[in-house]
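Peer 1: Just passing along the structure, written as structure tokens.
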Amino acid sequence: MAILAPTWGAGAAPSSGCGKTLASGVFQMTDQSVTRTYRVFLPSGYQPGIAHPMVMVFHGWGGDENEFLADDNVRTLAEQRGYIVVAPRGLGSAGPDSNRNSWSFRGSTTGLAGAAEDSGSHTRSTAAAAICNAARTPNFTYPSCKNIARNSCSWTQCQADDVAFALALVKEVESKLCVDTTRVFASGGSNGGMFAWELGQSTGSAPIFRAIASLIGLPHRGYLDSPGKAGGMPVLVITGTHDTTVPPGAWESTRYTTTSDGDAYYYTGASAIVRSWGTANSCPYEGKPAAPFNTGATQADCRTYCGGSAQGWSDRSAGVGWPNVLDCRAAMGHTYEFSWAWKLILDFFDAQS
């Protein structure tokens with residue numbers, strides 16, 4: 001059963017840019033005294049008098065503003081559903097850094113783990129612990145993190161506060177285009193997916209976004225914070241069971257996981273962060289395994305704690321509303337699989353009424 005795109009104009013909260021239009025293209029803005037680059041995709045059906053949904057997409061480590069929008073699946077579905085897509089470029093490829101473009105989030109700049117406790121046989125993660133095994137992980141520390149990194153596990157830029165930049169960029173686009181401010185979403189892949197979690201956890205940015213979707217990205221070990229706004233926030237996480245870069249761990253395991261692709265970084269397990277967010281979204285873990293939920297994406301095994309097995313989550317096409325917290329895993333490695341994953345992401349965003 002196909003999901004019909006909702007009528008986004010009804011009940012929308014229009015931005016200050018309504019009445020204006022902007023051609024698709026690459027633009028620049030200055031934020032925190034740094035020149036930032038972003039690309040805008042405008043659907044051909046854009047009408048300056050109707051507020052449209054907008055999704056911010058954040059590329060992976062070393063990517064750029066074309067990583068998502070170069071894909072036909074991304075552009076075609078955004079076109080069909082009337083989404084404005086904004087794809088910014090991270091920092092790191094130019095002075096004072098000569099490293100890859102990246103997004104900063106807690107742990108990645110300092111190299112320090114969070115203070116939340118992992119269960120199982122692992123010990124408590126404290127603020128003094130590292131996010132990697134330095135003996136097995138090369139030093140990727142950016143020059144801009146020279147006075148911020150606490151160890152050699154730091155691996156993203158420190159030139160600017162990326163949460164503040166994301167907020168400034170949302171404001172910038174909302175002033176130039178007609179955006180439904182109640183339907184602003186954030187998604188990202190790999191490093192960008194990790195940053196999407198940060199946007200959802202930060203009290204400064206969480207109120208701006210309706211929901212987030214992370215593709216092959218998880219927070220570092222110990223950063224199990226729930227959403228940064230009252231009432232919770234819907235989240236979809238898509239990971240690969242064969243991913244050696246950001247492994248999700250086993251179903252129902254809340255142990256942290258370890259990169260095994262030549263580095264040794266530590267990440268929260270998918271079940272651990274999903275349980276944390278489920279509790280904040282009124283679907284706490286109650287000792288029952290996550291129940292299957294049919295999203296229509298046959299490539300992924302999707303499960304949720306929202307409602308639980310007793311309520312029989314099974315099939316969204318049978319009229320069952322989508323759960324607010326959804327954990328999807330596919331038999332894939334550290335790849336985006338836009339051919340089906342992007343549709344799943346937009347289906348999830350469409351379901352947020």
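Peer 1: Keeping all protein chains in place, calculate the accessible area per residue for segment 234-279 (probe 1.4 angstrom), answer in Å².
Peer 2: Numbers: 1300 Å² over 46 residues.
About 28 Å² of surface per residue is accessible.
Peer 1: Another question, if that's okay. Under 1.5 on a/c is rounded, so check that first for segment 203-353, then, if it is not, pick prolate when a/b is larger than b/c and oblate when it is not; a ≥ b ≥ c are the square roots of the alpha carbon gyration tensor eigenvalues.
Peer 2: rounded
Peer 1: So, how do all the Cα-to-Cα distances of segment 166-256 break down into 5 Å bins, in percent, from 0 on up?
Peer 2: Bins of 5 Å from zero give 3, 14, 22, 24, 17, 11, 6, 3, 1, 0 percent of pairs.
Peer 1: With all distinct Cα pairs included, what does the Kirkwood hydrodynamic radius of the chain come out to in Å, to one decimal, could you say?
Peer 2: On the way: mean 1/r = 0.0493 Å⁻¹.
Result for the chain stands at 20.3 Å.
Peer 1: Compute, for the chain, the length of the dipole vector about the Cα centre, with Cβ point charges of +1 (Lys, Arg) and -1 (Asp, Glu) only. Units Debye, rounded to 20.
Peer 2: Details: 25 positive and 28 negative charges, 85 e Å.
So the magnitude is around 400 debye.
Peer 1: Moving on. Leaving ligands, DNA and RNA out of it, work out the accessible area of SER226 with a 1.4 Å probe and give it in Å² to the nearest 10.
Peer 2: Roughly 50 Å² of SER226 is accessible to a 1.4 Å probe.
Peer 1: Rounded to whole Å and sorted largest first, list the principal axis extents of the Cα atoms in segment 45-105.
Peer 2: 42, 23, 18
Peer 1: Ignoring any ligand, DNA or RNA, what whole percent of the accessible area of the chain comes from carbon and sulfur when the probe is 1.4 angstrom?
Peer 2: 50
Peer 1: Could you tell me the relative contact order of the chain? Use alpha-carbon pairs under 8 Å, at least six residues apart, and round to a whole percent.
Peer 2: Relative contact order of the chain: 16 percent.
Peer 1: Based on alpha-carbon centroids, what's the gap between segment 323-337 and segment 206-226 in Å, whole number please?
Peer 2: Measuring centre to centre over Cα atoms gives 14 Å.
Peer 1: For the pairs LYS146/LYS171; LYS229/LYS288; LYS146/LYS229; LYS146/LYS343; LYS176/LYS229, flag any whose C-alpha to C-alpha distance is greater than 29 Å. Could you put the intermediate results ahead of the total?
Peer 2: Details: LYS146/LYS171 31 Å; LYS229/LYS288 26 Å; LYS146/LYS229 32 Å; LYS146/LYS343 40 Å; LYS176/LYS229 27 Å.
Over 29 Å apart, Cα to Cα: LYS146/LYS171; LYS146/LYS229; LYS146/LYS343.
The values are calculated or read from the model by the stated rules, or taken from the named source; none is laboratory data. This one's a predicted model, so the numbers in the text were calculated from it and none came from an experiment. No Cβ is skipped: glycine too gets one built from the backbone with ideal geometry, and neighbour counts run over all protein chains shown. Accessible surface areas use protein heavy atoms only, side chains included; no ligands, DNA or RNA. Shrake-Rupley method; radii C 1.70, N 1.55, O 1.52, S 1.80 Å.
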